[in-house]
1. Looking at Tyr154, Tyr235, can you tell me which residue is more than 16 Å from the ligand (Cβ to nearest atom), over 18 Å from Leu78 (Cα atoms) and in contact with a Pro (Cβ under 6 Å, 6 or more places away or on another chain)?
2. Being within 16 Å of the ligand (Cβ to nearest atom) and either over 30 Å from Phe187 (Cα atoms) or assigned to a loop (DSSP other than H, G, I, E, B) (or both) is the requirement here; does Glu119 meet it?
3. Might you check whether a residue that is touching a residue at least 12 places away in the same chain (Cβ under 8 Å) and of a type in the set (D, E, K, R) occurs anywhere in the range 190-204?
4. When you scan the range 185-194, do you find a residue that is loosely packed, with under 13 Cβ neighbours inside 10 Å, within 16 Å of the ligand (Cβ to nearest atom), at pLDDT below 95 and over 30 Å from Val234 (Cα atoms), even just one?
5. Val165 versus (1) of a type in the set (A, V, I, L, M, F, W, C); (2) more than 24 Å from Val37 (Cα to Cα); (3) in contact (Cβ under 8 Å) with a residue 12 or more places away in the chain: which is the lone unmet condition?
6. What residue, among those in the range 235-253 that are free of Cβ contacts under 8 Å to residues at least 60 places away in the same chain and touching a helix residue (DSSP H, G or I) at 6+ places or on another chain (Cβ under 8 Å), is nearest to Glu155 (Cα to Cα)?
7. Filter the range 87-114 down to residues that are surrounded by 14 or more Cβ atoms within 10 Å (Cβ to Cβ) and without any contact (Cβ under 8 Å) to a residue 12 or more places away in the chain and give me whichever is nearest to the ligand (Cβ to nearest atom).
8. Which of the residues belonging to the range 195-226 are surrounded by 14 or more Cβ atoms within 10 Å (Cβ to Cβ) and outside any helix (DSSP H, G or I)?
Amino acid sequence: MSHPVTLGKTGWFSTDRRDNWWIEPLLVVVGLSAFGVYSTLSAVFWQSHFEYGPYLSPFYEPLLLFNWWPFSPALLILWAPLGFRATCYYYRGAYYKAFFMNPPACAVTGQEGKGYTGEGKFPFVLMNFHRFFLIAALFLNVFLWIGAIRSFWYEGSIGIGVGSVIMVINAHLLMMYSLSCHSIRHFIGGRLDCFTCTAASRTGHAGWKQTSKWNEHHKRFAWFSLVWVGLTDVYIRLVAHGIIPDLNTWSSL
Ligand code: FES
């Protein structure tokens with residue numbers, strides 16, 4: 001049975017909706033806040049126990065150590081995934097509703113939008129940099145895969161551990177989050193005026209169709225990859241601290 005939606009109501013959270021519309025923005029607040037706090041602690045303040053044997057936390061991959069850099073090495077790379085997620089089309093829609101509440105959900109009143117200028121003025125005009133963050137994120141995906149493959153190699157021998165499997169899943173999820181991005185879909189084929197005119201445009205069309213399929217699941221990739229990258233860091237830190245053992249085939253680890 002459908003319920004009519006009445007627009008024009010005033011007052012915070014006024015709506016004619018009868019569904020639990022507040023659950024999704026609440027989960028977004030909890031999820032992003034928890035990840036923000038944990039990733040800040042891990043990347044900025046916990047500058048030890050982020051590696052164990054062949055495993056390196058994804059927050060520190062690639063590990064860039066320079067004498068002239070006095071802060072955490074993670075800060076040299078994390079601007080890229082942070083900027084990529086903060087300017088993501090999906091996350092923008094989610095956190096604009098959850099945090100700015102303008103509105104908190106469709107057909108629900110929230111903060112009054114006085115002076116709203118959309119994404120045409122500073123600071124929100126910076127969202128246009130998403131395509132550049134995408135390029136940086138794709139580079140980091142390559143390093144995450146190198147790290148995941150390297151995790152099968154320890155002290156001159158090939159083996160496998162629970163950490164290796166976790167790191168491969170992490171690299172895969174982050175790669176799929178990047179490959180399902182709206183910008184990559186546009187870059188590969190969406191910008192073309194003609195899909196059949198040349199061999200290059202036909203190839204672009206095929207790529208666009210594939211990225212369009214992945215794009216349908218972009219929200220899922222966004223959350224799974226966010227949660228998994230945090231769990232990967234947690235796992236490596238727990239084994240590095242000796243709190244849990246890493247089951248693996250290397251006798252010396
Ligand atoms: Fe989400 Fe590009 S739209 S990563």
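The values are calculated or read from the model by the stated rules, or taken from the named source; none is laboratory data. On a predicted model such as this, the values are computed, not experimentally measured, just so you know. Every residue, glycine as well, gets a Cβ built from its backbone with ideal geometry; the counts of neighbours run over all protein chains shown.
1. Values: Tyr235 fails: in contact with a Pro (Cβ under 6 Å, 6 or more places away or on another chain).
Sole residue among the options that is more than 16 Å from the ligand (Cβ to nearest atom), over 18 Å from Leu78 (Cα atoms) and in contact with a Pro (Cβ under 6 Å, 6 or more places away or on another chain): Tyr154.
2. Values: within 16 Å of the ligand (Cβ to nearest atom): yes; either over 30 Å from Phe187 (Cα atoms) or assigned to a loop (DSSP other than H, G, I, E, B) (or both): yes.
Yes: the conditions hold for Glu119.
3. no
4. Narrowing the range 185-194 to residues loosely packed, with under 13 Cβ neighbours inside 10 Å: 191, 193-194.
If we keep only those that are within 16 Å of the ligand (Cβ to nearest atom) too, we end up with 191.
Subset that is at pLDDT below 95: 191.
Those left that are additionally over 30 Å from Val234 (Cα atoms): 191.
Yes, the range 185-194 has at least one match.
5. Status for Val165: all satisfied but (3).
6. At the first step, the residues of the range 235-253 found to be free of Cβ contacts under 8 Å to residues at least 60 places away in the same chain are 238, 242-245, 251.
With touching a helix residue (DSSP H, G or I) at 6+ places or on another chain (Cβ under 8 Å) added as a condition, the list becomes 244-245.
Details: Ile244: 22, Pro245: 19 Å.
The extreme case among them is Pro245.
7. Tyr96
8. Selection gives Phe195 alone.
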